[in-house]
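**Student:** This is the structure I have questions about; it appears just below.
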Amino acid sequence: MQELKVDILLISISSPLLVGVYQNKKLIQTIEFEGKTSDLLPDIFMKLKKQYNIETIFYVNGPGSFMAIKIAYIFLKTYCIANKIPLYAVDGFAFNQNSPIKALGKKYFFNNKDGKISVNNLKEGIEIYPFKLPEELDITIFSDENEPNYHLPAVN
């Protein structure tokens, strides 16, 4: 294991899966993969563990793909317990300019002004921004309440 101490940020609620490696809260490496979260996470973290000394893991705990959220949480929670690493979470709106996030079918998750998440159809003219890893990691937006943030829309 390398002595380079880093923090990891994982955004797995949509495709592509994004992993940011941060040293002193500055982005030093970006990893981007297409594919299933369940297939990708073990390989990614095996490589990261060989290359870095991971101090903290941050992840997006929703809303988004129900399965990706569940898989990421179970994997990260287990990894963090086994390696004695703290795990923190935040919702995905922090990394897509607060734009709607794909839910199911034609439905999208919206971050309302009151801070509550709702599900609705996407109205014409509303722009969707891709998820982006920040150049500098603001740890103040994360919480140690890291359980999945499921928002399951009603199926129409």
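The numbers here are math on the coordinates, done by the rules we state, and not lab data. Since we're looking at a predicted model, the values are computed, not measured.
**Student:** Provide Rg and Dmax in Å for the stretch 1-57, with only Cα atoms included in the calculation.
**Tutor:** Using the Cα atoms of the stretch 1-57, the pair Rg, Dmax is 11.0, 31 Å.
**Student:** If you don't mind, another one. Which of 21, 119, 90 ends up with the largest GNM mean-square fluctuation for the chain, with Cα atoms connected below 10 Å?
**Tutor:** 119
**Student:** Give the relative contact order (percent, whole number) for the stretch 52-156; include only Cα pairs under 8 Å separated by 6+ residues.
**Tutor:** Taking the mean separation of contacting Cα pairs over the length of the stretch 52-156, I get 34 percent.
**Student:** Follow-up question, since we're still on this one. Cut-off 10 angstrom, C-alpha nodes, Gaussian network model of the chain. Which of 47, 36, 116 fluctuates the most?
**Tutor:** Between 47, 36, 116, it is 116 that shows the largest mean-square fluctuation.
**Student:** Could you calculate the contour length gain from residue 29 to residue 140, that is, 0.36 nm times the residue separation minus the distance between their Cα atoms, to one decimal place in nm?
**Tutor:** 37.9 nm
**Student:** Using Cα positions and a limit of under 25 Å, work out the lysines in reach of residue 49, with same-chain residues fewer than 8 apart set aside.
**Tutor:** Within the straight-line limit of under 25 Å, residue 49 reaches these lysines: 5, 25, 26, 36, 70, 77, 84, 132.
**Student:** I need the phi-derived Karplus couplings for the stretch 64-72: 6.51 cos²θ - 1.76 cosθ + 1.60, θ = phi - 60°, integer Hz, Gly and Pro marked x.
**Tutor:** Using θ = phi - 60°, the values come out as x, 4, 3, 5, 4, 5, 5, 4, 4 Hz.
**Student:** Compute the normalised compactness of the stretch 83-152: alpha-carbon radius of gyration over 2.2 N^0.38 Å, N being the residue count.
**Tutor:** Its radius of gyration relative to the 2.2 N^0.38 Å reference: 1.24.
**Student:** With a 10 Å cut-off between alpha carbons and a GNM built on the chain, which of 62, 20, 35 moves the most?
**Tutor:** Fluctuation is largest for 35.
**Student:** Of all DSSP beta bridges located in the chain, what percent are antiparallel, nearest 5?
**Tutor:** 70
**Student:** Now for a different question. With just the Cα atoms defining each centre, how far is the stretch 19-82 from the stretch 101-116? Give it in Å.
**Tutor:** 24
**Student:** Based on alpha-carbon atoms only, what is the radius of gyration of the chain relative to the globular estimate 2.2 N^0.38 Å?
**Tutor:** 1.03
**Student:** Mind checking the angle between helix 37-51 and the chain's longest principal axis? C-alpha axes, 0 to 90 degrees, to the nearest 10.
**Tutor:** 30
**Student:** Shifting gears a bit: Could you list which residues have their amide H under 5 Å from that of residue 62, counting only those 5 or more apart in sequence or on another chain, with H placed in the peptide plane?
**Tutor:** 92, 149
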